[in-house]
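Worksheet: the structure to be examined is printed underneath.
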Amino acid sequence: MKTDETSPPPKHIAIIMDGNGRWAAERGLPRSAGHKMGIDALRRAVKAAGDMGVGYLTIYSFSTENWSRPKTEVLFLLELLRRFIRQDVAELHASNVRIKIIGSRNGLEPSLIKLLEDAERLTRDNTKLTLVVAFNYGARQEIAACFQSLAARIASGELTSTMVTPEVISATLDTAGIPDPDLLIRTGGEERLSNFLLWQCAYTEFVFIPEYWPDFDEAILRRAIDTFHSRERRFGGLKAQTA
């Protein structure tokens, strides 16, 4: 099925932006060049998603495991994030895009935390598209923090153990109030979640594509959405039988 006016886009798309380094290596360029081009791909993805009517776009920008990369690369990635927010937040705000940051802020520089909070505050009332940036994020760490919070509430008497339902857990995660992804796209040919939205992706459709992230554009996004529309989403049930 092709995407058109009769095929609404997924309400929530999540993207693992993979392949910047390999894109650069195949061209004899430093990894930093791939990361720079990745920012341009992100701009294209946000614009295309907004134009298509996607409600939520979640991007995996920096994982808790990324801190183990060489220090120079980590510093470069952090600086790219700063530049993106400083240069793009005004345009995103003018385009009615809301920015939400998920992930741990423990150990981050105060100036970076302020930048993130300012972007969220400026755009909090926007309604066209919510851009969820998973920064310093790891799903296992998110779930552990959620359980710690619930355990503290049980210890205080606010909750009992029987009150801890899937809905309560979802409401305690970083993504509280955000619908689970309908579609997850991973670029670069790899086929794994890499500690991304493990709870939220229980019934998400996965589309793995060979193109590296710097090459991502509207056409690739539409192709992934076409794949999404070609699937039957049963959510554990059976397809309705016709007489």
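The values are calculated or read from the model by the stated rules, or taken from the named source; none is laboratory data. From a predicted model like this one, the values you see are computed outputs, not experimental measurements. Note: ideal-geometry Cβ built from the backbone for every residue, glycine included; neighbour counts use all protein chains shown.
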Exercise. Pairs under 6 Å by beta carbon, first residue modelled with pLDDT of 95 or more and among the small types (G, A, S) in segment 98-110, partner surrounded by 20 or more Cβ atoms within 10 Å (Cβ to Cβ) and part of a strand (DSSP E or B), six or more apart or different chains?
Worked result: G103/A134; G103/F135; G103/N136; G103/Y137
Problem set entry | Residue that is farthest from R22 (Cα to Cα) [pool: residues in segment 167-199 that are among the charged types (D, E, K, R) and touching a Ser or Thr at 6+ places or on another chain (Cβ under 7 Å)] | D180
Seminar exercise, completed: Counted residues in segment 54-88 being under 17 Å from M37 (Cα atoms) and outside any helix (DSSP H, G or I) come to 4
For this session: Would you confirm whether any residue within segment 138-159 is touching a Ser or Thr at 6+ places or on another chain (Cβ under 6 Å) and in contact (Cβ under 8 Å) with a residue 60 or more places away in the chain?
Result: yes
Exercise. Looking at I85, I15, which one is buried (at least 17 other Cβ atoms within 10 Å of the Cβ), without any contact (Cβ under 8 Å) to a residue 40 or more places away in the chain and closer than 24 Å to L129 by Cβ?
Worked result: I85
Seminar exercise, completed: Across segment 190-205, the tally of residues that are farther than 19 Å from A145 by Cα and either in contact with a Lys or Arg (Cβ under 9 Å, 6 or more places away or on another chain) or not in a loop (DSSP other than H, G, I, E, B) (or both) stands at 4
